[in-house]
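Written below as C-alpha cells is the structure these notes are about.
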Amino acid sequence: MENNFEIQTLGAATIPSPLNLAKEDGNKFYRFVEEDDQFLADITLQGFDTCIQHNIRPACLDKAGPREHLYFNPKNTKAAIVTCGGLCPGVNNVIRSLVMALHYFYGSERILGIPYGFEGLVPEKGHEFIELHPDKVKDIHQFGGTYLGSSRGAQNVERMVDTLIEHKIDMLFAIGGDGTLRGAEAIARETEKRGSDIAIIGIPKTIDNDIDLIDKSFGFETAFDTATPIIRDAHNEAAGAYNGVAIVKLMGRDSGFIAASAAIAMPVVNFVLIPEMSFELGGKNGFLAALKKRLDLKHHAVIVVAEGAGQHLFETDSVPKTDASGNIQHRDIGIFLKDSIKHYFESLSQEITVKYIDPSYIIRSAPANASDSVLCNQLAYNAVHAAMAGKTKCVVGKMNNQLVHLPISKVIEKRKKIDVEGDLWFSALQSTGQPFSLL
Ligand SMILES: Nc1ncnc2c1ncn2[C@@H]1O[C@H](COP(=O)(O)OP(=O)(O)O)[C@@H](O)[C@H]1O
Ligand SMILES: O=P(O)(O)OC[C@H]1O[C@](O)(COP(=O)(O)O)[C@@H](O)[C@@H]1O
Ligand SMILES: [Mg+2]
C-alpha cells in the first residue's frame, strides 16, 4: 500500500489562535499541537507484528488537535455542516459539538446546517439552510437521528460547489460514510479546480464500522449495544420451545462487525453468519448439518445473521439492484435462512419451532451510548481545529487509539472487513462454539 498520509493544507497558517493553551510541555495544561507532533501508526489495526509479517510499512500521521496558528480568521469564517447516508447513533452529538466548538472556542458566529444531505446543496431541491447556534442544538444529543436530515443519491458536484461559493462557505464538515467521503473528496477536487479556499473535513459515520484505517466509527458501538438485549430475548424464545430456533438478522451490508460483536457481547448465540464467510447450507460441513447437531444436543439454538451474509447462496442478478447512492441492495438472507431451516427439518420429519426477529432500523436510530458520545465529541472538536488550521481533504478519526488526521483518499480506498484469521472473529468462534469448518 502506498504510504503517504500527508495532509493537504489550504495555505500558510499565520493567524494566532484565540485559544489560550500552553506552547510547551510542563505547564500543567494542554499544549498546542505542532506540525511535527506525528505518530507512527499500524495501518493494519492488528499490531505492528502484522505489519512486519506482511511487510506493510507503518504510516506517519499528523496528530489531531488545536494549532497555535490558523489559516482562517475564526471570527470571520462561515462554516457549513452536512449529514448524509443512513442514520447512525451520535450524528446529533457531532453536530452539537461542531457548533459549540465553532462558537465558543473560536468565536465563529456564522454556522449553516445543510438540510437533507448533499441534496441541501442543490437549490433546485428547494430545501432551506438552517442557521445553527448553540441555543438551537444544546439538547439534540439526547435524540437519535439527525437534526439536519439526511439523504442518499448522487447530486451534481459542480452545482454543490456553486452553492458553497455563492454562500461564501469557508469550511464544510461532512458527516457520513464511505459514500459521503467520496462526495466530499469530489467537492474538494472541484473547489481546488476553481481556486476556491474551502476546507473540506470528513467525520466518518456508519454503524457498519466498515470505514478503513480507523479503529471504529462512531455509532457502531451503540448499534451492537442496542442489538444485545434483542439477542437475549431471542434466546428466551428459542429456549422456550423444544427444538426452538431463533434467528436475529442485524444490519451490516458488507462487513459483519455488528453481528460478530453483538454475538460476543451476548454470549447465548450459537451461530453467527457474516458477509466475510462463504459457508454452504447443505453437505456434511454445511450450516444445516451443524444446526441439527446443536439441536439434537441442546434442543434450542440462536442464530445471528448479518444482512450481507450468504449472498453467494442466491442466484446472481444479471443487473444487481442498487439504492439511490449505488450501494448494492442485498437479497434477504434472514427470510431465506428461516425458510431453508424449516424445509430441511421438514425433510427429516423433525419438529422444530422457528422464531424470526428483524430489529432492522431500531439499532441505528437510537441516541448514542456514553462511549460513542465521548468519541463524537472528540471527533467534532478536532474537526473544527483541523479546519481552522486550513487542513483539507481529510477526516478526523481515532487510529491505534490516537486522534489523527487521515487523507480522505486513504480511508475510501477499500472497506474495512472482519479478518477471519484475526482476534475478533476467533472470539466470535470461541463464544458461539460454531464449527470452524463453517467458513
Ligand atoms: N463518488 C461520489 N461522488 C459524489 N457523491 C457521492 C459519491 N459516492 C457517494 N456519493 C454521495 O454521498 C451521499 C451518501 O452516500 P451513501 O452511500 O448513501 O451513504 P454513506 O455516506 O453513509 O456511505 C449520497 O448522496 C451519495 O450520492
Ligand atoms: O435502508 P437504508 O436507509 O438505505 O439503509 C440500509 C443500510 O444502511 C446501513 O445502516 C449502512 O448505512 P451507511 O452506508 O449510510 O453507513 C446498513 O447497515 C444498511 O444496509
Ligand atoms: Mg456507505
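Bridgeable aspartates and glutamates around Lys136 (alpha carbons under 19 Å apart, same-chain partners fewer than 8 residues away excluded): Glu109, Glu128. Legend: ranking of residues Leu403, Leu181 from fewest to most surrounding C-beta atoms inside 10 Å; resulting order Leu403, Leu181. Given the options Glu185, Glu276, Glu166, state which has the largest fluctuation in a GNM of the chain using a 10 Å cut-off (strictly under) for Cα springs. Fluctuation is largest for Glu166. The angle between the Cα long axis of helix 287-298 and the longest principal axis of the Cα atoms of the chain comes to about 70 degrees, rounded to the nearest 10. Taking one quarter of the surface of the convex hull spanned by the alpha-carbon atoms of the range 1-111 gives a direction-averaged projected area of 10.1 nm². Scalar couplings 3J(HN,Hα) for the range 47-62, obtained by applying the Karplus form with A = 6.51, B = -1.76, C = 1.60 to θ = phi - 60°, are x, 5, 4, 5, 4, 5, 4, 9, 6, 9, 6, x, 9, 9, 10, 6 Hz; x denotes Gly and Pro.
Candidate cross-link partners of Lys298 among the lysines, defined by an alpha-carbon separation under 24 Å and a same-chain spacing of 8 or more, comprise Lys249, Lys284, Lys338, Lys342, Lys355.
Listed values for the range 235-249 are Karplus-derived 3J(HN,Hα) couplings in whole Hz (6.51 cos²θ - 1.76 cosθ + 1.60, θ = phi - 60°), namely 4, 4, 4, 5, 6, x, 10, 6, 6, x, 10, 10, 10, 10, 9, and x replaces Gly and Pro. Helix-only arithmetic for the chain: the sum of -39500 (n - 2.57) across DSSP H runs with n ≥ 4, divided by the residue total, places the mean residue ellipticity at 222 nm at -9500 deg cm²/dmol. Spin-label model, Phe336/Lys23: points 7 Å from Cα along the beta carbon direction are separated by 6.4 nm. A Förster radius of 41 Å, combined with the Cβ-Cβ distance separating Tyr242 from Asn401, puts the computed FRET efficiency at roughly 0.30.
Size estimate for the range 97-229 follows the Kirkwood approach: the inverse of mean 1/r over distinct Cα pairs works out to 16.1 Å. The chymotrypsin sites (Phe, Trp or Tyr not before Pro) of the range 129-226 include none that meets both conditions, a loop assignment by DSSP and at most 10 other Cβ atoms within 10 Å of the site Cβ. Each of Val99, Leu379, Gly65 was placed along the dipole of the chain (beta-carbon charges, centred on the mean Cα), and the one lying farthest toward the positive end is Val99. Couplings 3J(HN,Hα) for the range 350-361, derived from phi with the Karplus relation 6.51 cos²θ - 1.76 cosθ + 1.60 (θ = phi - 60°), are 10, 7, 9, 10, 10, 10, 10, 10, 10, x, 6, 5 Hz, where x marks Gly and Pro.
Inter-part distance, the range 53-76 to the range 281-356, computed on C-alpha centroids, equals 45 Å. Put in line by how crowded their Cβ is, counting other Cβ atoms within 10 Å and starting with the fewest, Ser427, Ser278 read Ser278, Ser427. Taking amide H atoms as placed 1.01 Å from N in the peptide plane, the amide H of Ile200 lies under 5 Å from those of Leu172, Lys393, Cys394, each 5 or more residues away in sequence or on another chain. Amide H contacts for Val305 (H built 1.01 Å from N in the peptide plane; partners 5 or more residues away or on another chain; cut-off under 5 Å): Val248, Lys249, Leu250, Leu273. Shown is the FRET efficiency for Ile362 and Thr322, computed with R0 = 35 Å from the Cβ-Cβ distance and rounded to the nearest 0.05: 0.90. Close amide H contacts of Leu281 (hydrogens built in the peptide plane, cut-off under 5 Å, sequence separation of 5 or more or a different chain): Phe287. The Cα atoms of the chain define a convex hull whose projected area, averaged across directions, is 23.1 nm².
Listed from fewest to most Cβ neighbours within 10 Å, the set Val396, Val161 follows the order Val161, Val396.
Computed from the coordinates by the stated procedures, all read-outs in this text should not be read as laboratory data. Note that this is a predicted model, so its numbers are computed, not measured. Glycine also receives a Cβ, built like all others from the backbone with ideal geometry; neighbour counts cover every protein chain displayed.
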